[in-house]
Amino acid sequence: MTDEPYRWLEAIANRREYIRDQLKDATPVLAVSRPEGVILMGVGTGQSKVFEVYDRLALAALGNPVDIERVRQTAIEAAHLDGFTRDPEDVTARRLLNFSICPALKGSFEQIFAAPLLVEMIVAEVALGQANDVLARVSYDGSVRYLTGGVAVAHTSATDEASATEWLTAGLSPALSQQEVVERMVAVWRKLVSGGPFAGTAIEMHPSLDIAGKTVELAILARESRTQATYKPLILEKAE
Amino acid sequence: MNGDFLALLPRREAVTAGVGTHGSSAPRLEATTVFAFHCADGILVAGDHRATAGNVVFSDTTEKILELDSHSLMAIAGSPSVALEMARTLQTSFEFYRRSQLRPMSLAAKLRALSRLLRENLPGTLQGFGAVAPLFAGVDASTRKPAIYFYDPLGAQFEAAAYAGSGSGSASVKSVLHYLETWGPHPATMGISDAVNLANRLLMTAAEFDSATGGIDPGQRNFATLKLLNSDGIRSFSQAEQAQLWQEGRR
């Protein structure tokens, strides 16, 4: 089958369709670069979506939990091996993506006789200065986009993802408190999963960060940290 | 007894009485003085800054109290090259486990990991140039209590009820700590300010009797490396903080 180019292309196209279909009900994950660090958010029902990878690295992923776990383990192993062989300073998001995560995803996507990895994600790296933070949007086929606006949204609809990124980017100023930033992230999440069109409609803000029946998972890669590990769960006071 | 392993060690000039002790059977390591004791706020782990090679002062800015993770400290005594590599291995191992398993490694596993590294270092220990006798301070996740452990160079671990010391100047430190434990004031009931001053005085005492111990120099605002460990994590005391506490302690 693979020795016939047309059938190979068809198989790849079918594979894309299959993956998109499998991911259609996955809920979005978000990351925002702020003066105090990079905030990551995911909403789950028991399964985590936001993970620490290394001292200054974290990922937020959507998709099949087993596949998320496989990619997570790959990333953690590669990061620690690199950090031990060289130095923790040398472990960067770009290196991790280019040499470990993206080749693994691309390889899995193109192995048409094996089940693909059903994962999309954001990889975040906190730097000493906010301008040097790295937010990377990684697709299931291993392609990666480095985002420069300080906001990353991973969602199964590319159009809504772009609109959500635009809305968040426009609405976030450095003067906002952490609570206000998270409120906006939660509002965008609600809007994305509500199913309606995103662009051109109002986004409702809720003072409460709770989402019924689900767990809002928040973490920060803190820019200033006393320890080498900068990743910390973010716990905000809940509004009444 | 030719087959007795412990009898073999002194013949090969390996460590029997602690790293860096003076004497004909000791290796030529005069690396350090580190110690740890319980105080009211947790465990205070202290060390000087000196590393020596024979009678040569190699460095007076050596960090010997190393943070392995947010709740584990290793105080290194012995061959710095081996000890620092052990610390790096443990740091990576503990953090890898925590990140991949989404929970910290148990205290027992951490202790065993260090024990295994020491045992693997047996050739260096036997040859007399790579011996390491570290102290380990960690927090048990279930009881949330901090504990001090000391090791022999072959990897046997022992929990210290109140204090432990290692390195060439540790005999003086342990003598004073034993006196205080027996006759008071008990270090275990001391607040952190008094404990910090006690640690610096202990290092001063050790330096008086051991040329390999760097000691402290309050006039130059040169104090010990001090880290407090408890269930909240690790707190380091800067030189400025120690200088202030030292001044307050003299009033």
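The values are calculated or read from the model by the stated rules, or taken from the named source; none is laboratory data. Computed from a predicted structure; not experimentally measured. Every residue, glycine as well, gets a Cβ built from its backbone with ideal geometry; the counts of neighbours run over all protein chains shown. In case anyone asks, the SASA skips ligands and DNA or RNA and just uses the protein heavy atoms, side chains included. Shrake-Rupley method; radii C 1.70, N 1.55, O 1.52, S 1.80 Å.
Listed values, structure above:
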item	result
Most mobile of A:Thr227, A:Thr92, A:Thr159 in a GNM of chain A (Cα contacts under 10 Å)	A:Thr227
Among B:Pro218, B:Pro153, B:Pro185, residue whose mean-square fluctuation peaks in a GNM of chain B (springs only between Cα atoms under 10 Å)	B:Pro185
B:Val132 long-range amide H proximity, modeled H, under 5 Å	B:Ser79
Highest-fluctuation residue, B:Asp60, B:Asp48, B:Asp210 considered, GNM on chain B with Cα pairs under 10 Å	B:Asp60
Simple label model, 7 Å out from Cα along Cβ direction - A:Glu77 to B:Ser142, nm	3.1
At R0 = 41 Å, FRET efficiency that the Cβ-Cβ distance of A:Asp21 and A:Glu204 yields, to 0.05	0.90
FRET E, pair A:Ala114, B:Tyr179, Förster distance 51 Å, beta-carbon r, rounded to 0.05	0.15
Total charge dipole magnitude, the stretch B:5-244, about the Cα centre, Cβ charges on Lys, Arg, Asp, Glu only, Debye to nearest 20	640
In sequence order, calculated HN-Hα J values of the stretch B:114-120 (Karplus, 6.51, -1.76, 1.60; Hz; x Gly/Pro)	5, 4, 5, 5, 5, 5, 5
Sum of -39500 (n - 2.57) over DSSP H runs of 4+, divided by residues of chain B (222 nm, nearest 500)	-12000 deg cm²/dmol
Threshold 20 Å² - residues in the stretch B:100-144 whose accessible area is reduced by that much or more when the chain is no longer isolated, probe 1.4 Å	B:Ser100, B:Leu102
With all protein chains modelled, accessible area of A:Lys191 [1.4 Å, Å²]	40
Estimated FRET transfer efficiency when R0 is 51 angstrom, pair A:Thr45-B:Glu63 (beta carbons, to 0.05)	0.65
Residues with amide H under 5 Å from that of B:Phe58, placed H, sequence gap 5 or more	B:Ala51, B:Thr52, B:Ala53
Alpha-carbon centroids, the stretch A:54-117 and the stretch B:71-100: separation in whole Å	25
